[in-house]
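Here is the structure we will look at.
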Amino acid sequence: MPLLEIIKTDKTADWVTATCFDVGVRQGKTVIVVNDGPGFYTTRILAPLMNEAQLMLDEGGDILQIDKEMNLFGYPVGPITLSDEVGIDVGAHIMSGELMTEMLKLRQILK
């Protein structure tokens with residue numbers, strides 16, 4: 001896994017974060033530092049992506065075109081293929097919890 005996610009809280013000492021970051025870089029990882037929250041960072045950014053893909057489908061978007069464009073944008077797998085591979089049941093479970101509550105709050109802020 002090329003990504004190393006360092007999760008910090010308000011109680012995490014700066015030296016701990018810096019040490020973890022340094023170790024990750026020396027291991028050849030792509031290191032990101034994020035605040036504690038529901039799910040992994042990739043999951044938190046994936047949910048809005050999947051939501052937008054669904055909205056495009058609802059508006060008449062083509063499944064193959066959506067995935068193709070996301071591949072051209074740099075994603076290794078398009079959102080429709082990813083949903084198929086992971087399973088709709090897994091996505092539904094993720095979206096039924098705290099992550100969905102956070103997404104709804106964000107949507108209200110962005111309106």
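Cβ separations smaller than 7 Å between residues 6+ apart or across chains give the following pairs from the stretch 40-68 residues that are under 30 Å from GLU5 (Cβ atoms) to residues that are small (Gly, Ala, Ser) and in a helix (DSSP H, G or I): MET50/SER83; MET50/GLY91; ILE66/ALA53. Residues that are outside any helix (DSSP H, G or I) and surrounded by 13 or more Cβ atoms within 10 Å (Cβ to Cβ) were ranked within the stretch 69-103; the one that is modelled with the highest pLDDT is GLY78. Scan the stretch 10-38 for residues that are touching a residue at least 12 places away in the same chain (Cβ under 8 Å), among the small types (Gly, Ala, Ser) and within 30 Å of LYS105 (Cα to Cα) and the total you get is 1. Looking across the stretch 1-51 at every residue that is in a loop (DSSP other than H, G, I, E, B) and among the acidic types (Asp, Glu), the one that is surrounded by the most Cβ atoms within 10 Å (Cβ to Cβ) is identified as ASP36.
The values are calculated or read from the model by the stated rules, or taken from the named source; none is laboratory data. Not measured: the values here are computed from a predicted model. No Cβ is skipped: glycine too gets one built from the backbone with ideal geometry, and neighbour counts run over all protein chains shown.
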